[in-house]
Amino acid sequence: MGALKIILTVAVCTPLLFSAIASTAKQDNVMVEDMTEAEIVQWYEQREALYNAHYDILESLADQDLAQLLWQEERANYFRGLERMSFYAPAYNIEYQSAELSRMNDYAGTEALMNAYLDSLTALQNNFEPHCSPLGSQQALQLDEGFEFPFRYQLHYETATLANGDTLPFFDQSNPDRTYPSVVKSGDAYCILNSEQEELAPQSVSANFTAQLPAAFIEFEFSAQDLGKTLTQQGYSLTVQAWQNNRFEIYIDNPTNDAGQRFRPRDVVAEAQASNGHHLTWHATRRRPMAEVLLVDELVHDLIRRAQENDVNVDEARAELEALKRQFSQEQSNGVYFARAYNGDIDKVRVTLMIYEEGDSVIEKQLQLPVQQLVTEVPADAAVEQALAQLDITSAVYDKRISVNAEHAELSAAEMNDQIEQSNFSVFDPSSLRPGDYPKQIAWFYPPLRSDLLLNRQKRVIKTSAAMLLFLDDQGKPLIDPGIEAFYADLDGDIHYASELNFGGIEAPFMAARLDYDPELWPNRPASITGKISFVTAPNMRQVQYAIDELPSGLTFSGNRLTVDLNAFNAPEAEPMKKDPALMTDYQLMAKDEHGYLALLHKQPVYVPEEREPRYQTYYFYGQPETIEVWYPGELDIVDFTVETEL
């Protein structure tokens, strides 16, 4: 059964995942109630062993059609089970984002939003795209949208037209029928392929856009206090079936039997807020009830047993599997099961239903996007404003980066105590850790601030902070890391300290620092931590605003383009702290109209011949700004954040 060998994958369940299951198993009716951590590990090991045993059984069956059918179901359901396990992971990481539907407030209505989206579609030619090299080309089209369209829609790029009228069809890289010349999508790049190995210059791109706009929006807001309640709005009901720290499960009942009104995945938008008011990112979504996995497991394993006994054929097995799936669909009826887990503990949730009515017309538009090309080099004596590219002006699209629109520019020492979040995490099975790993972690998360655009949040922590954290025993007496003694005893030895403070390269975007430690490595088990972590802050950050016709020396504006003469525009230094390019940037340039900060369409450095560094920097914005703001970090400061934590 060679095909099975190709698709067999051995799954790995990490200690992090085991701990997550252990902490939540009692709330999950998929698991047996009152399972201990050890029992959960045993459950996983037994399920993995059964998975591998079923592979061996199916490989040996004489009826390979039946074997393939059962293996596909066993494999798919096995991984669905593991995905649900990860759904129950605790909020180890805290991560924020802008409200998902905030862009709805930028335009007069859904049609205005659609028109702004269509107007934001742009095509640029790029003659040096490294992602196209494996396909034998460096030419590409950069096809951008100002924002993600939030409603039901499809956008298909069809052809690129050359100056002589010839067209290049669009293909996906995996399409074996692609021709030359053509435009082939590879990742995010649209590579221009030509067997003649000559450069092509498309003049326009044709695209087909279809969409439906919601007839209405229905909103539900709920929190932990609504657990078990059914909320009703305009005939639609939402039942909060489960709520646990960073996740929830709900069932939405659709009052109509019309199939055209059944919800698609994009029709249900869930936005969760933390207690500090920030919106949280999510890491897992489930759209099928968790009990289904157990029922599928039960049927598939029974079918495998019967297959061994030659008591079922492929048609009978398929019929039983399809009958179970029909049962699931009937139980769902016209309702929607929806569950989501977030990166952070939830305070409240808003669910928005997009209602599409029967007979809603499908909007279809055939688009022609002009292909524009940016200037990357100008003569040293050129009239720069005339020599640079002028991109078409689009509708306004607003900058939704969370730091741009943050309430605070920076935190004071007092605000840090309220705004910095702490997360404690334990891996319960140290024997499964790799050498050098730590079983316990404490992480500190810095909130989104406007100064994030000037300071690297992962460089905010001063390195000496590690020496300012002190472990205490249960009597409040300081503990000395035995790794320090080992270091002085053998300066060249391989030392494993009992704790380690990490910062600077942490993958979590809002994690400022993480303390890893192993309580078993101390002479006495630590009971608490005291000390401080020192943060670099920008309390003197300035946002200086200029009208576009009154810009300072070195800045010029034309159309939707801001040009910076890097030799003429001078930003004040952030003194007296030593300047560190990895920590801070000299300034940020922002464009603004009467409604808010405009999103950046494209940023392009411009060179003059025989100079290694760019002479100019150009910024193209969506819309037309009325003012330009220059954000400066100002004089920096170091603020100590007090740490007092029971372990």
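Using just the helices of the chain, give the 222 nm mean residue ellipticity in deg cm²/dmol: DSSP H runs with n ≥ 4 each add -39,500 (n - 2.57), and the total is spread over all residues, rounded to 500. It would help to have the intermediate numbers written out before the result.
Values: 10 runs with 130 residues, N = 647.
One gets -6500 deg cm²/dmol as the mean residue ellipticity at 222 nm.
What the phi angles of region 158-174 give under the Karplus curve with 6.51, -1.76 and 1.60, with θ = phi - 60°, is a coupling list of 10, 9, 10, 9, 8, 4, 7, x, 5, 10, 10, x, 8, 9, 7, 4, 7 Hz, glycine and proline written as x.
Note on the chain: dipole from Cβ charges, positive end direction compared against Gly531, Leu303, Gln125; the farthest Cα belongs to Gly531. For region 318-417, the convex hull drawn through the C-alpha positions has a volume of 378 cubic angstrom per residue.
Here region 360-401 is treated with +1 on each Lys and Arg Cβ and -1 on each Asp and Glu Cβ, and its dipole about the Cα centre works out to around 180 debye.
Per the 1.4 Å probe, what fraction of the accessible area of region 74-205, in percent, lies on carbon and sulfur atoms? Percent of accessible area from carbon and sulfur atoms in region 74-205: 45.
Inter-label distance, Asn175 to Ala571: 4.3 nm, where each label sits 7 Å from its Cα along the C-beta direction.
A DSSP coil position with no more than 10 other Cβ atoms inside 10 Å describes the following GluC sites (Glu not before Pro) in region 268-353: Glu309. Looking at region 90-156, I'd like the Rg to Rh ratio, where Rg is from alpha-carbon atoms and Rh is Kirkwood's inverse mean 1/r. We get a ratio of 1.14 for region 90-156.
Stokes-Einstein diffusion for region 163-248, with the hydrodynamic radius set to the Kirkwood value over Cα pairs and evaluated at 25 °C in a medium of 0.890 mPa s, equals 134 µm²/s. Karplus-based coupling profile of region 210-226, in residue order and whole Hz: 10, 7, 10, 9, x, 7, 7, 10, 10, 10, 10, 10, 8, 9, 4, 5, 9, with θ = phi - 60° in 6.51 cos²θ - 1.76 cosθ + 1.60 and x standing for Gly or Pro.
What GluC sites (Glu not before Pro) in region 369-429 are in a loop by DSSP, with at most 13 other Cβ atoms within 10 Å of the Cβ? It would help to have the intermediate numbers written out before the result.
Numbers: sites: Glu377, Glu385, Glu407, Glu410, Glu415, Glu421; in loops: Glu407, Glu410.
Counting only loop positions with at most 13 other Cβ atoms within 10 Å, the GluC sites (Glu not before Pro) in region 369-429 are Glu407.
The calculated FRET efficiency for the pair His408 and Leu470, based on their C-beta separation and a Förster distance of 25 Å, comes to about 0.25.
Rolling a 1.4 Å probe over the protein heavy atoms gives the chain an accessible area of 49 Å² per residue. Pairs with C-alpha atoms separated by more than 31 Å, drawn from the list Lys400/Lys440; Lys348/Lys440; Lys440/Lys463; Lys325/Lys365; Lys325/Lys440, are Lys400/Lys440; Lys325/Lys365; Lys325/Lys440. Percent of C-alpha pairs per 10 Å bin in region 286-352, short distances first: 16, 35, 24, 15, 8, 1. Note that region 200-209 has calculated 3J(HN,Hα) couplings of 10, 10, x, 9, 7, 10, 9, 9, 10, 10 Hz, one per residue in order, obtained from phi through the Karplus relation 6.51 cos²θ - 1.76 cosθ + 1.60 (θ = phi - 60°); glycine and proline are x. In this structure the amide hydrogen of Phe171, modeled in the peptide plane, comes within under 5 Å of the amide hydrogens of Val183, Val184, Lys185, none closer than 5 places in sequence on its chain.
The fraction of accessible area contributed by carbon and sulfur in region 513-647 is 42 percent, rounded to a whole number (1.4 Å probe; ligands and nucleic acids excluded).
Which of the trypsin sites (Lys or Arg not before Pro) across region 538-647 are loop residues per DSSP, with 16 or fewer other Cβ within 10 Å? Could the numbers behind the result be given before it?
Details: sites: Arg542, Arg561, Lys578, Lys579, Lys592, Lys603, Arg612, Arg615; in loops: Lys578, Lys579, Arg612, Arg615.
Those that pass, being in a loop and sparsely packed, are Lys578, Lys579, Arg612.
Ordered by solvent-accessible area of protein heavy atoms (1.4 Å probe), largest first, the residues Thr210, Thr376, Thr352 come out as Thr376, Thr210, Thr352. The smallest convex shape that holds all Cα atoms of the chain, its convex hull, gives 233 Å³ per residue.
Pulled fully out, how much extra length does the chain show between Asn424 and Ala201, if you take 0.36 nm times their separation in residues and subtract their Cα-Cα distance? Provide the component values of the computation, followed by the final result.
Values: separation 223, 0.36 × 223 = 80.28 nm, distance 5.60 nm.
Once the chain is fully extended between Asn424 and Ala201, it gains 74.7 nm.
About its Cα centre, the chain has a charge dipole of approximately 440 debye under the convention of +1 per Lys or Arg Cβ and -1 per Asp or Glu Cβ, with nothing else charged. If R0 equals 22 Å, the separation of the Cβ atoms of Ala582 and Asn540 corresponds to a calculated FRET efficiency of about 0.60. Positive-end ranking of His595, Gly235, Trp522 along the dipole of the chain, with charges on Cβ about the Cα centre, is headed by Gly235. Think of region 312-463 as a dipole: +1 on every Lys or Arg Cβ, -1 on every Asp or Glu Cβ, centred on the Cα centre; then among Val378, Val312, Leu433, Leu433 lies furthest on the positive end. When nucleic acids and ligands are ignored and a 1.4 Å probe is applied, Asp253 ends up with an accessible area of around 60 Å².
The values are calculated or read from the model by the stated rules, or taken from the named source; none is laboratory data. This one's a predicted model, so the numbers in the text were calculated from it and none came from an experiment. For neighbour counting, all protein chains shown are included, and Cβ atoms are generated from backbone atoms with ideal geometry for every residue, glycine included. The protein model used for the area step is the full one, side chains on, heavy atoms only, and it has no ligands, DNA or RNA in it. Shrake-Rupley method; radii C 1.70, N 1.55, O 1.52, S 1.80 Å.
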